[in-house]
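The values are calculated or read from the model by the stated rules, or taken from the named source; none is laboratory data. Note that the coordinates shown come from a computational prediction; the quantities given were computed from them, not determined experimentally. Quick reminder, even Gly has a Cβ in these numbers, built from the backbone with ideal geometry, and neighbours come from all protein chains shown.
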Amino acid sequence: MLTNISGIPTQGKDHLHHLVAEWQIISDISFADLLLVLFDEGKQEYVVVSACRPATSPTVYSDDIVGHTVDASLRSVISLTHHDGGVRQVRSGKIYHTIYPVLYDESIVGVLDVARSAALMSPVESHDYIECGSFLCSMVASGDFPISSSTPHYRHGVPRFSDGFLHLDSHGDVIYASPNAHSLIHRLGISEKLIDAHLPRLFEKLLREKTINEMDEYLPVILSGRQARISEVEHNGVNIAFRSIPLVLNGKRFGAILLCRDVSEIRRREQEVITKDATIREINHRVKNNLQTVSALLRMQARRANNESVRKELGEAQRRVSAIALVHQILSQEVNEHANFDVIINPLLSTVTDIATTMSPVHMSIEGTYGYMNANQITALAVVLNELVANAIEHGAYTDRDLHLHVVGERKDELLTIHVIDDGKGIGNGPHTGLGTSIVQTMVIGELGGTIQWNNRSVGGTDVVLELNLSAGT
């Protein structure tokens, strides 16, 4: 909705987006709904472009009002604030509104409506919370919030107001600490009282026990509220995240808000995921090595075989294993179930031409788009193309001239058509038999939901046509 409003410079819109990304703390600490109101030049109306409900108290708006024009009882007050930048309070029914300008680069780019109801006050509400909420709103009106040097925090486990809240004065001493904040800091082994305490001093023992690599060097700055940052402290298996929000007005810092949260379980689960991911990568690496070992053993066995037929069969087996090993190596680097076959086909067919034996040079071109498909389809298609190209090289090539191969793919949604074209001897009119043909037919029909057709070209050579329905395997 915000992007649809015209007349606001790009940098002003970026500031408003940043505000919306960070304003949940204002809503929670103020026990109020927040409405971002902009003037729509097309409609010539003030429109609610974004809204935020508090997690600490019931909302005063049960319906979604984003996209609606502001209530008639608020229009004149919002218009005045939009033009002169004054902070105003007004009552509309049972809702109390405090209207703040949103300042950016000395220009008013919007209006912030803080809406709350006396009948819906939170039982945990205190004067200190409301005061800090008013400070943050005043920072919005002076252009000091959101803090330009900070970026929106999206990492899982970022502290919220309800997790643990401390109010610091300009020196970094604790004015107020919520019960949750007391409990979280005590879990780190700090038993001293928090009120009037200077947190960096309380944490000196922990800081001395940690090396600079283990502890964020900015932690004392964060604990004293001098910089907008987020960091974590780990001690005795407990991980506590701290987020500092300096309270600044007209460039002068007069205090800070410090939020804290126990993220021990979150980090433990993240470590489990990292460990499992490392295990999976190690397994994939071993599978790849094992496939390569099998391929090498087949190659060695083929060289030692005295029978030409046995040597040929072992060579074909080695080629198939090599193709599967290459596909596995590429798929193991993907994080999703699907991968782009366009990335696989070039190294795959290059490997086939290197392994397949022929006395004449082979020239190959690969064209078209093959697109994304699941891992089973990729493996099946790789085996099919491996067989078709190897067969064209080994059985279609002339001894006295070069062989030209063209692989062309055309993808339309889930339908994929592939032509494997060569200018070799052709396939004749007899039945197509053999292990390779059986593998190809089984893969095309069973795994790829398609059909295959061998055609003799009028100019010589073969055109193998694959018609595949990839939706059958999704």
| Residue match in the stretch 323-334 (condition: outside any loop (DSSP other than H, G, I, E, B) and under 18 Å from L466 (Cβ atoms)) | yes
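Results for (1) assigned by TED's automatic domain parsing to the domain that holds P54; (2) crowded, with 19+ Cβ neighbours inside 10 Å; (3) more than 35 Å from the chain's Cα centre (by Cα), shown as yes or no for each residue.
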| residue | (1), (2), (3) |
| --- | --- |
| D169 | no, no, yes |
| K193 | no, no, yes |
| A197 | no, no, yes |
| E217 | no, no, no |
| L223 | no, yes, no |
| Q227 | no, no, no |
| said: Here are the criteria: (1) touching a helix residue (DSSP H, G or I) at 6+ places or on another chain (Cβ under 8 Å); (2) without any contact (Cβ under 8 Å) to a residue 24 or more places away in the chain; (3) among the hydroxyl-bearing types (S, T, Y). Tell me which single one T56 does not satisfy. | reply: (2)
| request: Six or more apart or on different chains, Cβ under 6 Å: which pairs go from a residue in the stretch 220-241 that's farther than 14 Å from G164 by Cβ to one that's polar (S, T, N, Q) and assigned to a loop (DSSP other than H, G, I, E, B)? Could you list them? | output: V221/Q227; A228/S150
| message | Checking the conditions here, which among R286, R243, R267 is under 30 Å from S148 (Cβ atoms), basic (K, R) and in a helix (DSSP H, G or I)? | response | R267
| message | Here are the criteria: (1) crowded, with 17+ Cβ neighbours inside 10 Å; (2) without any contact (Cβ under 8 Å) to a residue 60 or more places away in the chain; (3) closer than 21 Å to T437 by Cα; (4) of a type in the set (V, I, T). Tell me which single one V384 does not satisfy. | response | (2)
| Has the stretch 256-264 got any residue that is in a helix (DSSP H, G or I), surrounded by 12 or more Cβ atoms within 10 Å (Cβ to Cβ) and not hydrophobic (A, V, I, L, M, F, W, C)? | yes
| Of the conditions (1) among the hydroxyl-bearing types (S, T, Y); (2) more than 22 Å from G133 (Cβ to Cβ); (3) assigned to a strand (DSSP E or B), S79 fails just one. Which one is it? | (3)
| said: Based on this model, can you work out whether L136 counts as in the same structural domain as A32 (by TED's automatic domain parsing), at pLDDT 90 or above and aliphatic (A, V, I, L, M)? | reply: yes
